[in-house]
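Enquirer: Here it is, the structure in full.
The values are calculated or read from the model by the stated rules, or taken from the named source; none is laboratory data. Computed from a prediction, not measured in an experiment: that's the story for all the values here. In this analysis, Cβ positions are derived from the backbone assuming ideal geometry, glycine residues included, and neighbour counts consider all displayed protein chains.
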Amino acid sequence: MDRAADLHGPVCEPRPATVQTPRPSRGFRLRWGLLLVLAGLCGVPTQRTLSAPEQPLCLQPTIEVKKREGVVELSCGGLVRNRFLATFGQNPVGPKLREGDERTPEGRYHISSRVETPRFHRFLGISYPNPEDVRRAETLHITRLGGGIGIHGVKQSLNGLARVWLSAGHAFRLNRLWGPTDGCIGVSNEDIETLYAVARVGTPVLISP
C-alpha cells in the first residue's frame, strides 16, 4: 500500500486515487450480496459476537499466504502457530499485474499499515507493489499497477457468511476458482483479530502461488 492509500484508508483495490472515503466496488457488493442470500436460504446465522482473542506472546511474527491451499499461516520465531482459511479475488490464479485484474499479489512483502474499519473489521495493509512487481510492470508496459491490497475481515453482519464461505471454499477447493474480494486476502473476523494482535508495520509477508 502506498502513502496515498495509507492516508485514505484501506480500499482493497480498485480505487480512484482522489477518493477520500473509499466505497466497495459494485462487483464486491454483488458478490457478497449473492453469498448473503444463499446463506439466508440455508438458514446460516450471519452474526456472531466476538471476544478478543487471547494469544501467547508471538516473537518475530511472520505471515505466509498460500493461495493454492487457501490458507494464511502465522509463525512465531519460525514455528507455525496458526493456520487460517482464506479467500481471494475473482481471478485467484496468478500474480497481480495491474489495477482491476481482481488478482492477489505473489511475492515477498511486509505489513505497511494497520487500520480498524467497519467495512473490514481489521485491515493489515500489504506493501504491494514491491520492486519486482514494478520491474515486471515496466517490462509489460503496464502503468497502473493498483494498490490498497491487504489482509482483512468483513463487516460484522457478514462474518457468519464469511465463515461459511471460507469453510465451503476450502472443502471444495473453490478458492482456486473464484473469490469475493477485489484481490485482497479475506479471512474471518476472529482470525483477523488474531493476526492484528501480533502483526506490526514491518512484519514480513510471503504470498505464494
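Enquirer: Within the stretch 184-209, count every residue that is among the small types (Gly, Ala, Ser) and over 19 Å from residue 70 (Cα atoms).
Expert: Qualifying residue count, the stretch 184-209: 3.
Enquirer: Out of all the residues in the stretch 114-133, which are part of a strand (DSSP E or B) and of a type outside the set (Asp, Glu)?
Expert: Passing the criteria: 114, 115, 117, 121, 122, 123, 124, 125, 126.
Enquirer: So, residue 154, is that one hydrophobic (A, V, I, L, M, F, W, C) and over 13 Å from the mean Cα position of the chain (by Cα) or not?
Expert: no
Enquirer: Considering only residues that are aliphatic (A, V, I, L, M), crowded, with 23+ Cβ neighbours inside 10 Å and within 26 Å of residue 98 (Cβ to Cβ), which ones fall in the stretch 162-209?
Expert: Selection gives 185, 187, 205, 207.
Enquirer: Conditions first: (1) surrounded by 14 or more Cβ atoms within 10 Å (Cβ to Cβ); (2) at pLDDT below 60. Residue 49 passes all but one, so which condition is the exception?
Expert: Every listed condition holds for residue 49 apart from (1).
Enquirer: Still on this structure, I have one more. Which condition number in (1) touching a helix residue (DSSP H, G or I) at 6+ places or on another chain (Cβ under 6 Å); (2) at pLDDT below 95 is the one that residue 113 fails?
Expert: (2)
Enquirer: Sticking with this one: Return yes when residue 175 is within 13 Å of residue 72 (Cβ to Cβ) and within 16 Å of the chain's Cα centre (by Cα) and no when it is not.
Expert: Spelling it out, residue 175 is indeed within 13 Å of residue 72 (Cβ to Cβ) and within 16 Å of the chain's Cα centre (by Cα).
Enquirer: Considering every residue within the stretch 146-161, establish whether at least one is in a helix (DSSP H, G or I), of a type in the set (D, E, K, R) and surrounded by fewer than 24 Cβ atoms within 10 Å (Cβ to Cβ).
Expert: Looking for residues that are in a helix (DSSP H, G or I), of a type in the set (D, E, K, R) and surrounded by fewer than 24 Cβ atoms within 10 Å (Cβ to Cβ), one finds none in the stretch 146-161, hence no.
Enquirer: Could I ask something else about it? Looking at 107, 125, can you tell me which residue is closer than 26 Å to residue 137 by Cα, surrounded by 16 or more Cβ atoms within 10 Å (Cβ to Cβ), in contact with a Ser or Thr (Cβ under 6 Å, 6 or more places away or on another chain) and modelled with pLDDT of 95 or more?
Expert: None of the others qualify; the one that does is 125.
Enquirer: For the stretch 165-174, what are the residues that are within 11 Å of residue 85 (Cα to Cα) and either outside any helix (DSSP H, G or I) or among the aliphatic types (A, V, I, L, M) (or both)?
Expert: Of everything in the stretch 165-174, those that are within 11 Å of residue 85 (Cα to Cα) and either outside any helix (DSSP H, G or I) or among the aliphatic types (A, V, I, L, M) (or both) turn out to be 166, 168, 171.
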